[in-house]
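Asks: Let me give you the structure first, and then I'll get to my questions.
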Amino acid sequence: MNLNKRYFRSIRSNASFYVSSTVLTITTIFLFFIMNISGQSIQEFGESFFDTQKVEDANFTTYLPISEDEIATLEEDFGLELEAQYYSNVETGDSTVRVFKKTEQINLYQVTEGEDVTEDDEVIISEGYAVFNQVAIGDEIKIGEKTYQVVGFFQRPDYLYMLQNETDAYKNVTTFFLAYVTDEEFERLESTNSIYLVRYGKDNQDDFRKEINDKYYMRSYLSASENMRIDMVPMQAEMFIVMSYIILAVMPLIVVVLVSIVISRKVKSEQKMIGTLTALGYKKGQLMLHYAGFAMLPGLFGGILAVVLSAIFAQPFGEVGLQDYEPMRIQCRVDPLAAVIAIVVPTLMYVLAAMRSVNKLLKKDTVLLLSGNSDQDKKGYKHLLKKSKVSFKLKYALRSLIGNPSRSFVVFLGIFLGNYIALLGYSLLDTMEYTKQNMVDEMGSYEYQYVLNELIVDNTYGGETVVMSAVENEKGEQISLIGTSKDNPYLDLRDKEGTQVDIETGYYITNVIATLKGIEKGDEIILKNPLTLEEYRITVAGIIDNDMQNAIFTSKEKATKMLGIDAETSNVIMSDVSLDIPEEKIIQTIKKSNAKEQFQNMSNMMDVMIGFVIALGALICVASIYVAVNMLVTENRSNISMLKVLGYDDRKINRIVLSVNHILVPIGIGVSIPLVFGSANWFMAWLAEFIGVLPQAYIAPKSFVYTIILTCASYFGSLMLLRRKVSKVDMVESLKDNRE
């Protein structure tokens, strides 16, 4: 007897199982590839672009200017590249234009479309803004009081992630863009600012920073690793790659377990055939390999098809993850190692499940296998509720559920996964909306925050003055130090219990820092002045209920002492109305309304990916339930046949047989809800490492409704597909089963 001849017959007779299992495998592997392709593409592009365009290692500002001759001397003394970057922020209507003067060594821009400027009435602008606002080459655009012709688009390595201010949580391509004009035209602009860019060549950064501070009085310092405009690229690439393997380790493997259970039951359903083959002299190893071949098919074909389809659609898959950046010209592809893993993991799991099932069956007595009674010791469930007067339909359902726990688990897992994936997608969107509407106000009641380029003693502009500067922890990570008076009308600083804190008594960290760094009240932490590099030890006096700022609050006196400046000076003004401050005195203006807009933009950018994930969740739900209920119908063919013999029509039989798992729908949905909250909070805590904000997981009531409707539609849709399967069962089937 040639066992190989059974493959084609088995595939043909179990086509629905193989198709649905293969679809299930493909669907879950798609989740892996969406993240993996995006991450690999961003990483490769970022590394190449940063290298060719000479991205900075750090930027800094000083109170005293550094001349060209002094820059040359510093370059020679410290073995580095140093260059001044001149720019001007020009307010035009509702938009802010940051016009740069060309640099020669560091942060070189690349014209991505069109041509560079050659005439004084020409301009090139950042491509993200042009795409979003549908600006075409040849269009005219107004900057300040002058109109220019757009001759090209460009990208800069330090603005791939387009933050208007370094403290922003999300990019802005709606009301902010970059521009280059000719050097002659730039000289005509008013209110120009300068910043120094550096690329280190030796391990002498601290010596260089001390030299700059001693001679030129450093005002600010920001390393590339702390600059979100730069660091967001490698960080998000790493995040996507790590997430992809987490997905591969969790989601597909859960589905692999699900399909493996089905395969195990299908092997068990062939116990008579296995008993016959054993009686004919086939060895255990031969039978295990034979059934491993059946199990291998959905994993192998599903994995290969998923890889092929992912390779075909690699570009749109990869571009889903590029929404946060300036338009990257990336050739997305499937990583060969990831492709091998995606094929091997599910296939191996399916094969092992089948071999385990065959091995377990072959430990039974061959006579029991031939009679189909290898599980006769587990028939007690058939007498469940034997003397009860409950309806036959309820008895049948309970006996089916309890007597077939693995099959019931498959249905439960399908409902759970479908609802979990869809609800998690909705929760991420709801969290962004909730943060925008409610949490942004935790920053304070001010609307404007003006960061000045000088220290002031007497405030003649209005509003409330504070001291604000970045400090570094032991790892070199930057934290905002905010010194203010206890009666600041724009700040209501309270702890988790709602008690107002007394900043005069010590240093208070926000909940963002406490959560991300694992710091508690009473802990001692080391902070470093990024300008002088002096270290200070402080004790945390308490934790402020603020999830929106990565900051330490204290009194002006304590803050100025740490920063090494006069106690009467300030560098930031808060106000609830716009103030008339000369533009040349402002480094940046932070508007609270911009923070809300950033979260809205973040939500908009997530829509496409979340929508795709929700669709996959529905597909997983349909496929897994179809597999499980198809198995239920197949294993109950004799019972269905007997019901037909007893005069039940197809509609009544459907209500009896296909309604068995209805109770699992609310259970699966209910179990998924707390896990969604837990997963969303974990994801937001992880995301906080990148954006410096800790959104609290939130799910809107309408999202619960949408998800329940989607899950129920998927469940009952699967049952509708299987109704014809019940109708095809012949009455003769019941006469074939003589096991009892």
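Laboratory data are not the source of any read-out in this text; all were calculated from the coordinates shown. Here the structure is a predicted model, which is why all the values come from computation and not from measurement. Here the Cβ is made from the backbone with ideal geometry for all residues, glycine too, and neighbour counts use every protein chain on show.
Asks: Fewest Cβ neighbours within 10 Å first, please rank CYS621, CYS332, CYS712 accordingly.
Replies: Taking fewest neighbouring Cβ atoms as first place, the list is CYS712, CYS332, CYS621.
Asks: Still on this structure, please answer the following. Using the crude model of +1 on Lys and Arg Cβ and -1 on Asp and Glu Cβ, and no other charge, please compute the dipole size for the chain relative to its Cα centre, in debye to 20.
Replies: It works out to roughly 10280 debye.
Asks: Ok, one more. Could you give the distance between the Cα centres of the stretch 121-163 and the stretch 175-210, to the whole Å?
Replies: If we compute the Cα centre of each part, the gap is 19 Å.
Asks: For a quick check: with amide H placed at 1.01 Å from N, whose amide H comes under 5 Å from ALA470's, ignoring anything fewer than 5 positions away on the same chain?
Replies: Long-range HN contacts for ALA470: LEU481.
Asks: Let me ask something else about it. If one computes the Cα centroid of the stretch 14-80 and of the stretch 508-545, what distance in Å separates the two points?
Replies: Going from one Cα centre to the other spans 30 Å.
Asks: Which angle from 0 to 90°, rounded to the nearest 10, does the C-alpha axis of helix 68-78 make with the longest principal axis of the chain?
Replies: So the inclination is approximately 50 degrees.
Asks: Using modelled amide H (1.01 Å from N, peptide plane; none on Pro or chain starts), what sits under 5 Å from the amide H of GLU56, excluding residues fewer than 5 places away?
Replies: Those lying under 5 Å, H to H, from GLU56 are ASN107.
Asks: Also, quick follow-up: Listing MET720, MET218 from the residue with the fewest other Cβ atoms within 10 Å to the one with the most, what is the order?
Replies: Neighbour counts put them in this order, fewest first: MET720, MET218.
Asks: Same structure again: Here are some pairs, LYS101/LYS528; LYS596/LYS702; LYS171/LYS521; which of them have Cα atoms lying more than 31 Å apart in this structure?
Replies: LYS101/LYS528; LYS171/LYS521
Asks: Step through the residues of the stretch 567-573 one at a time and calculate ³J(HN,Hα) from phi using the Karplus curve (6.51 cos²θ - 1.76 cosθ + 1.60, θ = phi - 60°), rounding each to whole Hz and writing x for Gly and Pro.
Replies: Values per residue, Gly and Pro as x: 5, 8, 8, 9, 9, 9, 10 Hz.
Asks: Can you tell me the length gained on complete extension of the stretch ARG724 to ASP607, counting 0.36 nm per residue apart and subtracting the Cα distance?
Replies: 38.4 nm
Asks: Turning to a different aspect of this structure: Put a dot 7 Å past each Cα toward the Cβ at LYS102 and ILE312; how far apart are the dots in nm?
Replies: Taking the simple label geometry, ILE312 and LYS102 are separated by 4.6 nm.
Asks: Can you work out ³J(HN,Hα) from phi for every residue in the stretch 123-137, in order, using Karplus 6.51 cos²θ - 1.76 cosθ + 1.60 and θ = phi - 60°, giving whole Hz and x for Gly and Pro?
Replies: 8, 10, 10, 5, 5, x, 5, 4, 5, 5, 9, 6, 8, 10, 4
Asks: Could I ask something else about it? Would you please classify the overall shape of the stretch 32-138 from the alpha carbon gyration tensor, given that a ≥ b ≥ c denote the square roots of the eigenvalues, rounded means a/c under 1.5, and beyond that prolate means a/b larger than b/c while oblate covers the rest?
Replies: Oblate is the answer for the stretch 32-138, as a/c is 1.5 or above yet b/c matches or exceeds a/b.
Asks: Additional query: Could you tell me which residue out of ILE653, ILE620, PHE78 lies farthest along the dipole of the chain toward its positive end? Charges go on the beta carbon: Lys and Arg +1, Asp and Glu -1, centred on the Cα centre.
Replies: ILE653
Asks: Moving on. Select from the stretch 152-251 those GluC sites (Glu not before Pro) which occupy a DSSP coil region and have at most 10 other Cβ atoms within 10 Å, ordered by residue number.
Replies: GLU190
Asks: So, one more: Find me the longest stretch of the chain that has none of the exposed chymotrypsin sites (Phe, Trp or Tyr not before Pro), where exposed means in a DSSP loop (not H, G, I, E or B) with at most 12 other Cβ atoms within 10 Å.
Replies: Longest site-free region, per DSSP loop and neighbour criteria: 218-740.
Asks: Now, a different point. Per residue of the stretch 322-332, in order, report the coupling 6.51 cos²θ - 1.76 cosθ + 1.60 (Karplus, θ = phi - 60°) as ³J(HN,Hα) in whole Hz, putting x for Gly and Pro.
Replies: 9, 5, 7, 10, 4, x, 8, 8, 10, 9, 6
Asks: Taking Cα pairs under 8 Å and at least six residues apart, what relative contact order does the chain come out at, in percent?
Replies: 17 percent
Asks: Let me ask something else. So which GluC sites (Glu not before Pro) in the stretch 424-492 end up in coil per DSSP with only 10 or fewer other C-beta atoms within 10 Å?
Replies: GLU474
Asks: For THR52 and GLU520, what is the calculated FRET efficiency with R₀ set at 45 Å and r taken between the beta-carbons, to the nearest 0.05?
Replies: E between THR52 and GLU520, to the nearest 0.05, is 0.50.
Asks: Report the relative contact order of the stretch 90-185, percent, no decimals, based on alpha-carbon pairs under 8 angstrom and at least 6 residues apart.
Replies: So the answer I get is 43 percent.
Asks: Taking only DSSP H segments of four or more residues, each worth -39500 (n - 2.57), what value at 222 nm results for the chain once the sum is divided by all its residues, to the nearest 500 deg cm²/dmol?
Replies: -17000 deg cm²/dmol
Asks: With an 8 Å cut-off on Cα pairs and a minimum separation of 6 or more residues, tell me the relative contact order of the stretch 623-706 in percent.
Replies: With pairs under 8 Å counted, the relative contact order is 16 percent.
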